[in-house]
Structure formats: structure tokens, C-alpha cells
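The values are calculated or read from the model by the stated rules, or taken from the named source; none is laboratory data. This is a predicted model, so every value here is computed, not measured. Backbone-built Cβ (ideal geometry, glycine too); neighbour counts: all protein chains shown. Keep in mind that these areas ignore ligands, DNA and RNA; they rest on the heavy atoms of the full protein, side chains included. Shrake-Rupley method; radii C 1.70, N 1.55, O 1.52, S 1.80 Å.
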Amino acid sequence: MIIDAGFVEPIDTSRIEAWEGIYEKFRKEPGINRDGVIYGMPYSWGAIAFMYRNDAFDTPPTSIAELFDEKHAGKVALWDDKSAIYVAARLNGDMDIYNLSDEQIAAAKARLVEQKPLVRKYWATAGELVDLFAGGEVYISNTWAGYQSSLLAEKDIQVTEFIPEENAEGWMDSWMIVKGRASDCAYKFLNMQITELGQCGVANVNGYSAANKEAARACMSDEQFIALHQDDPDYLDSLLLWKPLGERTEAYTNAWNAVKAQ
């Protein structure tokens, strides 16, 4: 939407020294490409995985259905975001989550309304979910993979992330240049961000994966490299990578807002 609105400049990839080191999947991602022109430099990625407290489950959960099970009433959390529609749609068996019909969106909305009495909190920030887990108010939720779990580990709260049978969304963040602001300084920043300094600077703070595999290999320990799935292209390809919703954004957003308004 930022690109279509004309808010950003195309990226001159010849000025990005490590451009070819970025995963090809991200360099070709539709979200940063328009008619053969590139508008963003990928720098970080991850999954919208699911997470549970180890001390609350004798049998590890494997399905999104756990968040909709009455036995967990009051202990469930869900991200306060239109992507909740994606979660419910997958549970309904509608896997083409970025191209849902009006009927499929309505079915996802109905599923979320049914779930609502079980939900302790629709969380908005990383810290909010961490506090809910740490205080024992919640023991299962979707999560920003690698981030909240690492914050909970610092509090000695044992949690496990998992990709459910119904799969998980994936995301990729990119740096863009504001329209009319392309400069040598901007490209110096972009080049720093995609080097070892920038890539592990991000990964070591928030636990997200690096877009430049070569930089990650150079600056991560073997354990960190594996934990962040940098060597696992099947994991990367298995995620339902976020796609622009375009004109359908309003339909998804309105449905989620209607759930919260119930």
C-alpha cells in the first residue's frame, strides 16, 4: 500500500553491496516488487508461530484448535490484529488466507466470535503477552516467533513455540526510502543494515531471523544459526508469507473489528 500510494522511492540494488546475499525468496517477494522495480531491502523475517507454557500441558499442542477448546477458557490469548482472521480461516480449512471470499471471511469471523468467551486478552505488544504468560494469566497464544519466548526465558518461564498442523504465517520486514529522500546517507544505512553488524544487531535483540544468510553465517554461533532456521529453507518455504491484501484489506479489518465489538 505504501508503494501504491507513491510514498517510497525505488531501491537501486546496484548500490546494495550484499544484495545477492539476501534470500532469493525475499528479493522476489511481491510486497516489495512492482512491475520489475524493487522498493524495499529485506532485512529480517520470522513466523507468527504459536506458544504455550510447558507447565500447563502434559501433551504438547499441535493444532490451532487448542486455542478454541473450552477446556482452556480464560487462558487463551490472541494477537489484536486482522491476522486473527487468517488463524480462524485455517482452522476452518480455508488455506488461501490472503484471498478469502466474503463467505470465508464471515465464517472466520463467526469462529472468532465463538472463541471470544475463552480469550483472556487480545494482546497488542510483545511486553503485554510476556506479562500475561509470566503471571500465569495465559498459557497459549500466537506469538512473534523468537521474540516473546526469549523474553520469557530471561524470566525463567519455560515456553515452547510450535508451528501447528494448520501452518503459520510468515513475515518479512524491509527498509524503504521515503519519496525524494534517496541519498548517499540512506544507502550507507541500508548497506550497514544488511551486513553482519546490522543483521546480528537485530537478531541478537529481538530473536528474529536474518535476511542475509551469508552475514548470518559469519556473525552467528552454530546454535543460533540453526535455532533461527537460517539453514532450513524448507521451514522458510513452508510459511504462509504475508501478502498485500490490496482492496480486500478493509473486508478483513472490518471483520476483525466486528469480532472485538461483540
- [ ] Report, to the nearest 10°, how far helix 102-115 tilts away from the longest principal axis of the Cα atoms in the chain, using its own Cα long axis and a range of 0 to 90°.
- [x] 50 degrees
- [ ] Calculate the spin-label point distance for Arg34 paired with Val178, positioning each point 7 Å from the Cα along the beta-carbon direction, and give it in nanometres.
- [x] 1.8 nm
TODO: Counting other Cβ atoms within 10 Å, keep those with at most 11, restrict to DSSP loop, and tell me which chymotrypsin sites (Phe, Trp or Tyr not before Pro) in segment 41-82 are left.
DONE: none
Open item on the list: Could you tell me the calculated FRET efficiency between Thr13 and Ser221, based on Cβ-Cβ distance and R0 = 41 angstrom, to the nearest 0.05?
Closed with: 0.85
Open item on the list: Just to be sure I follow the rule: in the chain, considering lysines 8 or more places apart or on different chains, how many pairs have Cα atoms under 19 Å apart?
Closed with: 19
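Keeping every protein chain present and rolling a 1.4 Å probe, give me the accessible area per residue for segment 121-262 in Å².
On the way: 6990 Å² over 142 residues.
I get 49 Å² per residue for this part.
Based solely on its DSSP helices, what 222 nm [θ] is calculated for the chain when runs of n ≥ 4 H residues each add -39,500 (n - 2.57) and the sum is averaged over all residues, nearest 500 deg cm²/dmol?
Value at 222 nm, helices only: -10000 deg cm²/dmol.
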Task: Cα-based convex hull, the chain, per residue volume (Å³, whole number) - done: 135 Å³
Open item on the list: What is the distance in Å between the Cα centroid of segment 97-120 and that of segment 245-262?
Closed with: 10 Å
Open item on the list: Among Gly135, Tyr86, Gln104, which residue has its Cα furthest toward the positive end of the charge dipole of segment 67-154, with +1 on Lys/Arg Cβ and -1 on Asp/Glu Cβ?
Closed with: Gly135
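In segment 134-241, what percent of the accessible surface is made up of carbon and sulfur (1.4 Å probe, ligands and nucleic acids excluded)?
Values: 2720 of 5220 Å².
It is 52 percent, rounded to a whole number.
Taking N as the number of residues in segment 1-133, what is its alpha-carbon radius of gyration divided by 2.2 N^0.38 Å? Before the final figure, lay out each step's value.
Details: Rg = 19.1 Å, N = 133, 2.2 N^0.38 = 14.1 Å.
Normalised by 2.2 N^0.38 Å, the Cα Rg of segment 1-133 equals 1.36.
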Open item on the list: Over all directions, how big on average is the projection of the convex hull of the alpha-carbon atoms in segment 136-262, in square nanometres?
Closed with: 11.6 nm²
TODO: Would you pull out the residues with amide H under 5 Å of Val8's amide H, same chain only if 5 or more places away, H placed 1.01 Å from N?
DONE: Lys179
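Once the piece of chain linking Lys188 and Ile2 is laid out straight, how much longer is it, given 0.36 nm per residue of separation minus the C-alpha distance between them? Display every interim value, and only then the final one.
Details: separation 186, 0.36 × 186 = 66.96 nm, distance 2.24 nm.
Length gained between Lys188 and Ile2: 64.7 nm.
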Open item on the list: Tell me the Kirkwood radius of segment 44-101: reciprocal of the mean inverse pair distance over distinct alpha-carbon atoms, in Å.
Closed with: 13.1 Å
Task: Lys/Arg +1, Asp/Glu -1 at C-beta; the chain dipole; positive extreme among Met41, Gly21, Pro164 - done: Met41
Task: Highest-fluctuation residue, Glu166, Glu247, Glu20 considered, GNM on the chain with Cα pairs under 10 Å - done: Glu247
Task: For segment 34-49, 3J(HN,Hα) per residue [Karplus equation, 6.51 cos²θ - 1.76 cosθ + 1.60, θ = phi - 60°, Hz, x = Gly/Pro] - done: 9, 6, x, 10, 9, 10, x, 10, x, 9, 7, 7, x, 10, 8, 7
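Over all alpha-carbon pairs in segment 8-82, figure out the percentage whose distance exceeds 18 Å.
Roughly 58 percent, once rounded to a whole number.
Are there chymotrypsin sites (Phe, Trp or Tyr not before Pro) in segment 88-189 that DSSP marks as loop and that have at most 13 other Cβ atoms within 10 Å, and which are they? The partial results should precede the final answer.
Details: sites: Tyr98, Tyr122, Trp123, Phe133, Tyr139, Trp144, Tyr147, Phe162, Trp171, Trp175, Tyr187, Phe189; in loops: Tyr98, Tyr139, Tyr147.
Counting only loop positions with at most 13 other Cβ atoms within 10 Å, none of the chymotrypsin sites (Phe, Trp or Tyr not before Pro) in segment 88-189 qualifies.
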- [ ] In nm, give the distance between the simple-model label positions of Asp232 and Ser150, each being 7 Å from the Cα along the Cα-to-Cβ direction.
- [x] 1.6 nm
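Tell me, what is the Rg over Rh of segment 128-210, with Rh the Kirkwood radius over Cα pairs? Could you put the intermediate results ahead of the total?
Working: Rg = 17.0 Å, Rh = 15.4 Å.
Using only Cα positions, Rg/Rh for segment 128-210 is 1.11.
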Open item on the list: Under 8 Å for C-alpha pairs, at least 6 residues apart: give me the relative contact order for segment 1-135, rounded to a whole percent.
Closed with: 21 percent
Task: Size descriptor, Kirkwood hydrodynamic radius, that averages inverse alpha-carbon separations across segment 115-170, Å - done: 12.0 Å
Open item on the list: By the 4.7 Å beta carbon criterion, which cysteine residues of the chain come out unpaired?
Closed with: Cys185
TODO: Quick one: pull the percent of accessible area on segment 1-120 belonging to carbon and sulfur, 1.4 Å probe, ligands and nucleic acids left out.
DONE: 46 percent
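If each residue of separation counts as 0.36 nm, what is the full-extension length gain between Glu250 and Phe57 once their alpha-carbon separation is subtracted? Walk me through the intermediate numbers first.
On the way: separation 193, 0.36 × 193 = 69.48 nm, distance 3.73 nm.
Extra length available between Glu250 and Phe57 comes to 65.7 nm.
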Task: Sparse-neighbourhood loop sites, GluC sites (Glu not before Pro) in segment 119-157 - DSSP loop, at most 14 other Cβ within 10 angstrom - done: Glu137
